[in-house]
Amino acid sequence: MAVTIYILCILTSLACTWLLFGSYRRTRYRLLFWSGACFAVMTLNNLFLLLDKIVFPSIDFLPARLISALVATLLLLYGLIYEKE
Amino acid sequence: MNDVIAGAVCMGSLLIALFFLRFWRDSRDRFFLYFALSFFIEGLHRLYSALHDAGGEDSPLHYLIRLLAYGLILWAILEKNLPRERDRK
């Protein structure tokens, strides 16, 4: 059950990344690029989650997970602020 | 330190939701509304998990919430791409 949910998290965020970058390639709308970058790091974040809970339960991945989530958020925030100018 | 970062992620997500909400208000494009909703859910999820066990989230069921947030993004993009009648603002 847990493994299914974690893997689904990875796959859906990967699909978001793929579709967002695909849309960016077609439209050249810059915000889509930053959204794609955000979800690319978010996919990494979900990968860390799987490693943390299932693959290496003895190693604490929490700092890596939190920092990757922060990086993902900051990427999109930068894009949103930069695009508004 | 973990709590500080979790708080920053939470605020960042809610801030992103507000940006998208403004884009939605300006353009009336539902695409932005789905994005706003997704990041709002993500932000609240971060807040909830930080309050309960410092971001460690004991139950995998928490992550169904995250799946919902990602699903909204997927739906937003698919809805944008499948019927091609509206132009992006």
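The values are calculated or read from the model by the stated rules, or taken from the named source; none is laboratory data. Just so you know, these numbers come straight off a predicted model, no measurement behind them. When we count neighbours, we look across all protein chains shown, and the Cβ atoms used for this are built from the backbone with ideal geometry, even at glycine. Accessible surface areas use protein heavy atoms only, side chains included; no ligands, DNA or RNA. Shrake-Rupley method; radii C 1.70, N 1.55, O 1.52, S 1.80 Å.
Couple of notes before you dig in:
- In this structure, residue A:27 qualifies as at the interface with chain B (Cβ under 8 Å from one of its Cβ atoms) and open to solvent by 50 Å² or more (accessible area, probe 1.4 Å).
- Scanning the range B:49-89 for residues that are among the hydroxyl-bearing types (Ser, Thr, Tyr) and modelled with pLDDT of 85 or more gives a single hit, B:70.
- Selection within the range A:24-66: residues that are modelled with pLDDT of 90 or more and hydroxyl-bearing (Ser, Thr, Tyr). The member of this set that is nearest to the chain's Cα centre (by Cα) is A:43.
- Some residue of the range A:63-83 being small (Gly, Ala, Ser), surrounded by fewer than 21 Cβ atoms within 10 Å (Cβ to Cβ) and more than 9 Å from chain B (Cβ to nearest Cβ): yes
- Selection from the range B:57-71 of residues that are closer than 16 Å to residue A:43 by Cα, surrounded by fewer than 21 Cβ atoms within 10 Å (Cβ to Cβ) and among the aliphatic types (A, V, I, L, M): B:64, B:65, B:67, B:68
- Looking across the range B:1-35 at every residue that is farther than 26 Å from residue A:29 by Cβ and buried (at least 21 other Cβ atoms within 10 Å of the Cβ), the one that is modelled with the highest pLDDT is identified as B:10.
- Criterion violated by residue B:49 - all others in (1) without any contact (Cβ under 8 Å) to a residue 24 or more places away in the chain; (2) among the polar types (S, T, N, Q); (3) surrounded by 15 or more Cβ atoms within 10 Å (Cβ to Cβ) satisfied: (1)
- Test result for residue A:22, surrounded by 14 or more Cβ atoms within 10 Å (Cβ to Cβ), under 19 Å from residue B:71 (Cβ atoms) and in contact with a Cys (Cβ under 9 Å, 6 or more places away or on another chain): no
- Subset of the range A:41-62 [open to solvent by less than 40 Å² (accessible area, probe 1.4 Å) and not charged (D, E, K, R)]: A:41, A:42, A:43, A:45, A:46, A:49, A:50, A:61, A:62
- Qualifying residue in the range B:17-37 (condition: of a type in the set (Asp, Glu), assigned to a helix (DSSP H, G or I) and within 16 Å of residue A:49 (Cβ to Cβ)): no
- Tally, over the range A:1-18, of residues that are hydrophobic (A, V, I, L, M, F, W, C), open to solvent by less than 80 Å² (accessible area, probe 1.4 Å) and more than 7 Å from every other protein chain (Cβ to nearest Cβ): 3
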